[in-house]
1. Taking each residue in B:449-455, count the Cβ atoms of any other chain within 10 Å of its Cβ, then average. What number comes out?
2. Please provide three numbers in whole Å: the alpha-carbon extents of the protein assembly as shown along the principal axes, with the largest listed first.
3. Once you have the Cα-Cα distance between A:E283 and A:N33, take 0.36 nm times their residue separation minus that, and quote the gain in nm to one decimal.
4. How large is the dipole of the stretch A:132-254 about the Cα centre if only Lys and Arg carry +1 and Asp and Glu carry -1, each at its Cβ, rounded to the nearest 20 debye?
5. Over chain A, calculate the relative contact order: mean separation of alpha carbon pairs under 8 Å at least 6 apart, over the residue count, as a percent.
6. Hey, got the dipole for the protein assembly as shown? About the Cα centre, +1 on K and R Cβ, -1 on D and E Cβ, debye to the nearest 20?
7. Which order do B:W285, B:W478 fall in if you start with the one that has the fewest other Cβ atoms within 10 Å?
8. Between A:F136, B:G486, A:T152, whose Cα lies farthest towards the positive end of the dipole of the protein assembly as shown when Lys and Arg beta carbons carry +1 and Asp and Glu beta carbons carry -1, centred on the Cα centre?
Amino acid sequence: MIAKSLACSLAGSLAAFAATVSLTAGAAFAADNWPPPQMTIVVSHDVGSSHNAQTRALGEVWAEKLGTKFIYENRDGASGRVGYDYFLGQKKDGSVILSSNLGSSSIMYIQQKPRWKYEEAIYPVGSFGIDPGAIFVKDDSPFKSMTDIIETAKKRPVTMGISYWASPENLQIHQAMEQTGAKFEIIPHSNSGEITTQVLGGHLEVGYSKVGTFTRGGNGLRIISVPMPTNPVPGLTSNAPAFDKEIGTDTLPIASYRGILVHKAFADAHPDRVQKLHDTLTEALKDPRVIEAMKKTGVDEKLLVNMTHDQIMKDVIQAHWDAFAKYGSIYDKKTN
Amino acid sequence: MMNGAYDGLLMLLGVMWVVPIGVFIGMTFGAVPGLNKSGMLAILLPVLLAMSPEMGLVFAMSLYAGGEVGNAFPAVVLNIPGDASAAVTALEGYQMTLRGDGAKALGMCVMGSTIGAVLGGLASLVAAPTLGAIALRFSYPEICIIVLFGLAAIAQVSSGGLAKGLMMGFAGMLLSTTGTDPMWGTFRGTFDLVYLFDGLPIIPCLIGLLGFSELLKMIEGGITVNRVSQAREVGLKGVLAGMRETFRYPFDLLRSSLTGIIIGIVPGAGGTVSTFLSYQQALSWASPEAKKQFGKGSPNGLIAGDTANNADVGGSIVPLITLGIPGSSAAAVLLVIMAYHGLEVGPRLLSTAEGASVAYAIIWSQFVSAGLLVVMGGLLATFAYRLAFLPVNTMVPVIMVAALIGSFSQNQYIFDMGVMVLFGIIGFFMKSYGYPPIALLLGIILGPMFEENLLRTLRLGGGTPELFFERPLTLFLWLLLFLTLGARPALQLLRNYRNRRIGDPVKAQQ
């Protein structure tokens, strides 16, 4: 009887304690209810991608700085569209954010023309890395430079593997074709692994991917050109020259711009929280643990750049849209 | 290399305790319809990344191996394949269950899988660099012809008539064009629905056509009788009998293992193709008597699918280790773990002491996993087959819930459940009117791979199909395809002709 009474009393006390803790926590959460204890990062790339690996490498430390925990949802497909549409269908309270390649997704948006409007639905908060484009050949390829490739491509079509048809790489290479008179037979693929396999096997003469691909398994291959204004990672690319500098063209800089985005409605309602996301992201990128983890996934420390919203919109999104406005018809032509 | 192999073995001993856990979790996850290997590895990725590289990789390999066996259980017992690579298992295994050989079928799946895993592991241990070099020989036309092997099975499994089979096969290929086209990124038949942007969801189609349609057939047949009223051999005895019987098919085991290994090393082909190709090969080389059993619970067909499926695991890590290129989506997760821990990948992996040790630890772990597959798989099979004896009125809700969960689990879209029900209804009518659902399924599963490799071949060949006929490997594959399709009928014709010549009308008619 006594035991039963004790047990009841103990249970009552525990329940009261639990209720108090719950109420206190609830009050604290209500006072400053963001970030929630758990947030979701929708990754618009597949589990095996560099983007996913880098998002997770960042997420561990960023969550700590932000005071939350991240869970990840990979929603890939249709050039990132699946991830964007899925993200836009989630709660717009800042508990769900999106990690995406800003350059390729801007092309996806302008080419696929979804029902939602970019500026009205999406708000880029910052970036956490740039992975420059890389044009590569097999180690024993007769091509020694991009000039060699262009000269050959002026005489006959050179086969080139790119990630997918509606990609910024395709725009850039079409710009180069127009400006030089070269001709490439462009074969779209679904991932960089397929391109490297085909180049390694000698089935394709040239491949077009990102520098990060090589640090994750591009052996037997040689980077021949970096389609950026200057090569930001000479050490990772055997000092390959910048595309435009070598060829004398004026083309779109190609890189994967790893970005973090939120719903526009959340950004409009809570600019302070968006600022907090940006600031903690900057802090996380300076953390030695992130620098080390990113290095392992193929991103050099100096490419861990957190761009502002305005920089992203002007230098990445708008730049891609402008290039598309001029060359976008190639996506419909489907020929070279 | 020998040092690397030895150090790898030592490294494995330090982390070997995770292998049984991995195999068990993998088998359990694999048994949940709809949770495929890459999905399972994605869910567990945070855990895998938190471990030391060797432990994470060995754990991932164990999960992968366990998952390949786990997906056979719902396929055999409920006719609900865990993923597309278990479609063949469902096709033959479930028929064996219906005739009272469920325990035996599961025993065969487990033993076939184990032998496939051992031979796949052996291939990656002794011939990884050579196999890696072979993998590079395969390009778009070769992969396209490999897919044709699988598609050829449409004609061979069309028990209701060739015309019906071909009609369904083409319908499946047409349906498979739903989504973003693989070359130009154009949306086709998506109705602006995000659920269809990435194509028709395969697993709901699979579950609907095979499992849910069966459920509707059960309801049609009355819900008062047991699906299986009498078993020939039950319990552990039945499972062990199945395991023993597996060894009566040595040629199927060897051929299927080889098929699994070869397809596994080709990046972009994958486990599903290997099971269909292996099944098609088993069908092509089966004796006339054995051939009659296909689609009705053929041990040859069952072994062919499961053995190839597991041999494929060993094959798929070869390009990962030797070239840094994952051979499958599950192997891509292993690559993420390697990259996360800063391991050198590609040829450099085997050239550094640490990298070689890790690579060989992964390879050795396959043998430990294989041993555990027999023990754990056998034990699980001992209990799992009993589900087949539950009365239909109990099983209908069980299968319905399993089918719905299975359709939902991969993408977590309610829409996918609807797709499953729709394909279940289509499957029901197909079965009722003698149209083979497997032909539709083959078209849906293999169609996208065929299309993208066909288009790439044509584009690389400047718009002409010449690449299909000018490379030695493509010519060899065409010859092999011709032989597997035509050799037996040709031999039979020859035999008939000879018998007629010597005046033996009885033999001539056989």
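Please treat every number below as a calculation from the coordinates, not as lab data. Only a predicted model underlies this, so the values are computations on that prediction, with no experimental measurement involved. For neighbour counting, all protein chains shown are included, and Cβ atoms are generated from backbone atoms with ideal geometry for every residue, glycine included.
1. Details: counts 0, 0, 0, 4, 0, 0, 2.
Mean partner-chain Cβ count within 10 Å for B:449-455: 1.
2. Rounded to whole Å, the extents work out to 97, 86, 57 Å.
3. Working: separation 250, 0.36 × 250 = 90.00 nm, distance 2.16 nm.
Going from the current span to full extension adds 87.8 nm.
4. Details: 10 positive and 12 negative charges, 26 e Å.
Here the stretch A:132-254 has a charge dipole of around 120 debye.
5. On the way: 585 pairs, mean separation 82.2, N = 336.
Taking the mean separation of contacting Cα pairs over the length of chain A, I get 24 percent.
6. Details: 62 positive and 61 negative charges, 495 e Å.
So the magnitude is around 2380 debye.
7. Details: B:W285 18, B:W478 15.
Sorted ascending by nearby Cβ count, the order is B:W478, B:W285.
8. Checking the options against the dipole of the protein assembly as shown, the answer is B:G486.
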